[in-house]
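Let me begin by presenting the structure, written as structure tokens, before commenting on it.
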Amino acid sequence: MKALDLIFAARPLLHLPVWSIFLVALYYHHELSGESFGGQNLLMLGCLSLLGAGACYLNQVYDCDSDRMNNKCHFLQRGLVSERTMMIGFVATSLLALALSVTISFLAFFICVQLLALGYLYSAPPVRLKDRPIGGFMANAYGIGFIVPFAVFPKMQADTAGLLGWDNPFYFFCAVGSIYILTCVSDQYGDAAAGKRTIAVVTGFRVSHLLALLLMLVAALCAFQSEYPMLLGLAIIAAAAIVVACRRQADAAVRLAAKLPIILLTALAGWFYPIYLIFVVVLILVTRIYYARRFGMQYPELA
């Protein structure tokens, strides 16, 4: 069980946005370039996963108290994984990701260095971007929404550098930024009690929802201009969910509004790459079994 604890402490389901954004961007990139999914793409995806795992380890070490207040995670709180083990995991996964990225290209290495730096500064004092309204937003929107799409062409060839036109990364930047704000709303009371100044703590419930809605509508505009109806439909549905959450002012509605675009994007990535959909379904089933037996709880939940 200790090995499983360490694996699930990396919060694999939280990697879904990174995996799904990468695969959706990769599909459209290959539509333009005529390439096919290859070993280099899989290796780059592995680097992103390692960095994501390291960021999750580090985040839990520095957010132990607020996670307890928000009833999140459980690994450190129940003594299943030690802080020392998580810090070793952070260092090991980060170094392995950097080493593997060097074998791809300098650009891949540069992408991983940026993500590693953001992952560290996001959680570690004294910077702790996650506790700052603008810093936390930018770390997520830029790190996941802007940098990850560029990881699909690590050699950055001149004829493939225009992935969906340059507005595509802005689509994901706005969509991820919107989702981040909604997750802050869900955690705002525990964050406020822990002295954090997230964007939701600073702006309040309604303003946070308005900002999230605005960003999702801008994402819809980017998809419309790029003439990608699937991405447009995803953003419109997500925007409607934000409106419902704002009007109902219920925690379950807010959590659903935050999770729905991730679910839809994952479904879209699974449509493009069916083996990914199978992988996600298996991961969810295994995760539910693990959490039920280890913690006696149902996870993940839709809302």
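Just so it is clear, none of the values below were taken in a lab; they were calculated from the coordinates. This is a predicted model, so every value here is computed, not measured. With ideal geometry, Cβ positions are generated from the backbone for all residues, glycine too; neighbour counts draw on all protein chains shown.
Is any helix in the chain, taking whole DSSP H runs, at least 15 angstrom long along its axis by alpha carbon and on average at least 1.6 on the Kyte-Doolittle scale, and which ones?
Qualifying helices: 106-123, 205-226, 229-248.
Given the -39500 (n - 2.57) contribution per DSSP H run of 4+ residues, what per-residue ellipticity at 222 nm results for the chain, rounded to the nearest 500 deg cm²/dmol?
-24000 deg cm²/dmol
What's the extension gain from E301 to I275 if we count 0.36 nm per residue and subtract their Cα-Cα distance?
7.1 nm
Find how much the distance from A292 to L221 grows on full extension, using 0.36 nm per residue of separation minus their present alpha carbon separation; answer in nm with one decimal.
Between A292 and L221, full extension yields an extra 21.4 nm.
Only one of the listed values, (i) 7, 31, 40, 21, 2, 0; (ii) 6, 27, 37, 24, 5, 0; (iii) 6, 27, 33, 24, 8, 1, was derived from the coordinates as P(r) over Cα pairs in 10 Å bins from 0, in percent; which label is it?
Working out P(r) over Cα pairs in 10 Å bins from 0, in percent from the coordinates points to (ii).
What distance in nm separates the simple spin-label points at R247 and A117, each placed 7 Å from Cα in the Cβ direction?
Result for the modelled spin labels: 4.5 nm.
Can you tell me how much longer the chain between R128 and L107 gets when fully stretched, taken as 0.36 nm per residue apart minus their C-alpha distance, in nm with one decimal?
4.9 nm
What order, most packed first, do the peptides 49-61, 241-253, 285-297, 258-270 have when packing is the mean number of other Cβ atoms within 10 Å of each residue?
49-61, 258-270, 241-253, 285-297
With labels modelled as points extended 7 Å from the Cα through the Cβ direction, what inter-label distance (nm, one decimal) is found for Y189 paired with I236?
Each label point is offset 7 Å from its Cα along the Cβ direction, giving 3.6 nm.
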